[in-house]
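A short reminder: the numbers here are calculations on the coordinates, not readings from a lab. All values reported here derive from a predicted model rather than from experimental measurement. Cβ atoms come from the backbone with ideal geometry, glycine included; neighbour counts cover every protein chain shown.
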Amino acid sequence: MTALDPYLPGLTDVRSRVTRGRVAKALVARAVRDLPVRVRYPGGEVLGGGDATSPVLEVLDPDRLHRRLEAHPKIGLGEGYMAGEWRAAVGSDLADALTPFAARLATILPRPLLRLRGLVDVALPHRDRNTREGSRANIAAHYDLSNDLFATFLDETMSYSSALFDESRPWAEQTLREAQSRKIEAALDAAGVGSGTKMLEIGTGWGALAMVAAARGARVTTITLSREQHAEAVRRVADAGLTDRVEVRVQDYREVEGQFDVIVSIEMLEAVGDEYWPTYLKAIDRLLAPGGTAIVQSILMEHERYLATRNSYGWIQKYIFPGGLIPSLDALSSIAQQHTTLTVTAVRPFGLHYAETLRRWRHEFDRQWPSVKTLGFDETFRRMWEFYLAYSEAGFRSAYLDVAQLTLERHS
């Protein structure tokens with residue numbers, strides 16, 4: 001995993017060849033004019049509406065960055081960070097600098113320009129469709145990177161989803177492990193998991209939730225498409241002495257048979273893609289026993305933003321989660337009503353908790369970089385993950401994104 005070529009395309013593009021980035025620089029100046037940030041160029045030019053206390057972004061290679069933004073408007077900013085063309089200045093935090101952009105994403109450019117987004121948006125690649133074969137490839141691209149990689153920055157539970165902090169206590173006093181355990185317990189409590197519960201988990205992760213459910217006396221079937229996660233979850237379940245209560249399978253949710261009292265799925269829905277959300281919810285409907293409850297934890301965005309981005313290929317999809325798409329609550333509720341007998345009966349949002357979770361992951365990733373590097377990952381990978389974690393944190397801090405535990409029950 002070395003050099004830029006495996007990650008970054010060239011800058012050949014009709015727009016960038018003609019304008020050589022001049023249009024992009026003008027748009028950057030327009031975008032940051034009223035934002036509480038400063039953008040510093042080589043030679044000392046400073047743009048933005050920030051003051052001496054505001055975060056500073058340093059543009060190190062303006063020609064390449066501006067040409068990249070013109071060639072790939074939605075993807076170029078992240079690629080430019082990966083290529084080292086810009087960075088957060090010393091003393092500025094990357095997520096702090098990105099949060100004002102996330103907060104005003106819908107209004108950061110003039111409306112006439114936003115209406116022209118269809119001219120520059122790139123369609124979702126056909127290869128990333130979440131067919132059964134496509135889903136396995138998409139999951140492997142992220143979750144099979146290395147169990148050791150994830151272990152460097154996750155807490156001891158190996159939970160790779162939003163934690164849930166105790167609102168009655170200062171968050172700084174709470175460990176990530178405590179908050180992740182609180183999230184797991186909250187999901188199982190909402191589902192009523194206890195002794196004798198027959199439970200299906202869609203999306204094993206590394207087995208933490210399945211083991212807690214089994215410790216409550218549940219009989220758990222948990223499924224994943226990641227072979228790396230499967231192997232580690234099997235080992236962890238065995239080490240906990242829970243093999244008789246937890247079955248870990250490499251299996252697609254569309255292939256599961258049987259009836260379950262409870263179905264729990266933590267942040268797996270985002271990997272399904274909207275083409276298959278009806279299939280996913282119909283599977284839950286089919287597998288849920290009469291009187292059963294499903295708990296689905298999902299990242300969410302406002303419905304208007306979902307509609308504006310659902311067919312557009314972004315940096316996160318290209319580099320982090322191929323085939324992924326964040327839903328809106330309206331979209332999920334409508335699909336459930338049209339295609340299933342399920343209704344969303346409760347919503348527990350906690351988006352700021354995800355911002356704090358991501359902040360801790362990012363700082364631990366940075367602290368552990370020497371260990372990550374020994375696993376064979378290079379500096380471009382490091383910048384890619386720094387941008388991914390900070391970009392996501394900014395989304396939750398600004399309320400552009402949310403996360404919630406949804407309770408689904410039958411309405412007839």
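Charge dipole (Cα centre; +1 on Lys/Arg Cβ, -1 on Asp/Glu Cβ; no other charges) of the chain amounts to roughly 1140 debye.
Compared with the alpha-carbon gap, the fully stretched path from Leu105 to Asp34 is longer by 24.3 nm at 0.36 nm per residue.
Taking amide H atoms as placed 1.01 Å from N in the peptide plane, the amide H of Ile263 lies under 5 Å from those of Leu200, Thr293, Ala294, Ile295, each 5 or more residues away in sequence or on another chain. Once the chain from Glu185 to Arg348 is taken as fully extended at 0.36 nm per residue, the excess over their C-alpha distance is 57.3 nm.
Between Leu57 and Arg38, Val39, Arg40, Ala89, the built amide H atoms are under 5 Å apart, and every one of these is 5 or more places off in sequence or on another chain. Taking the fewest neighbouring Cβ atoms within 10 Å as the starting point, the ordered list for Trp206, Trp369 is Trp369, Trp206. The structure-derived value of Cα extents along the principal axes in Å appears in the list (i) 58, 51, 44; (ii) 68, 45, 42; (iii) 63, 46, 29 under the label (ii). For the pair Ala141 and Gln338, the difference between a 0.36 nm per residue extended length and the Cα-Cα distance amounts to 67.7 nm.
Per residue of the chain, the DSSP helices (runs of n ≥ 4 H) give a summed -39500 (n - 2.57) that works out to -13000 deg cm²/dmol at 222 nm.
Kindly identify segment 145-205 as rounded, prolate or oblate by the Cα gyration tensor criterion: order the square roots of the eigenvalues as a ≥ b ≥ c, call it rounded if a/c is under 1.5, otherwise compare a/b with b/c, prolate if a/b is larger, else oblate. Judged from the Cα gyration tensor, segment 145-205 comes out oblate (a/c at least 1.5, b/c at or above a/b).
With the Cα gyration tensor of segment 206-263 giving a ≥ b ≥ c as the square roots of its eigenvalues, does the rule (a/c under 1.5 for rounded; else a/b larger than b/c for prolate; else oblate) give rounded, prolate or oblate? In terms of gyration-tensor shape, oblate. 3J(HN,Hα) couplings calculated from phi for segment 293-299 with the Karplus curve 6.51 cos²θ - 1.76 cosθ + 1.60 (θ = phi - 60°) are, in sequence order, 10, 10, 10, 10, 9, 9, 5 Hz; Gly and Pro show x. Ordering Val272, Ala215, Ala231 by the projection of their Cα atoms onto the charge dipole of the chain, which places +1 on the Cβ of Lys and Arg and -1 on the Cβ of Asp and Glu, puts Val272 at the extreme positive end.
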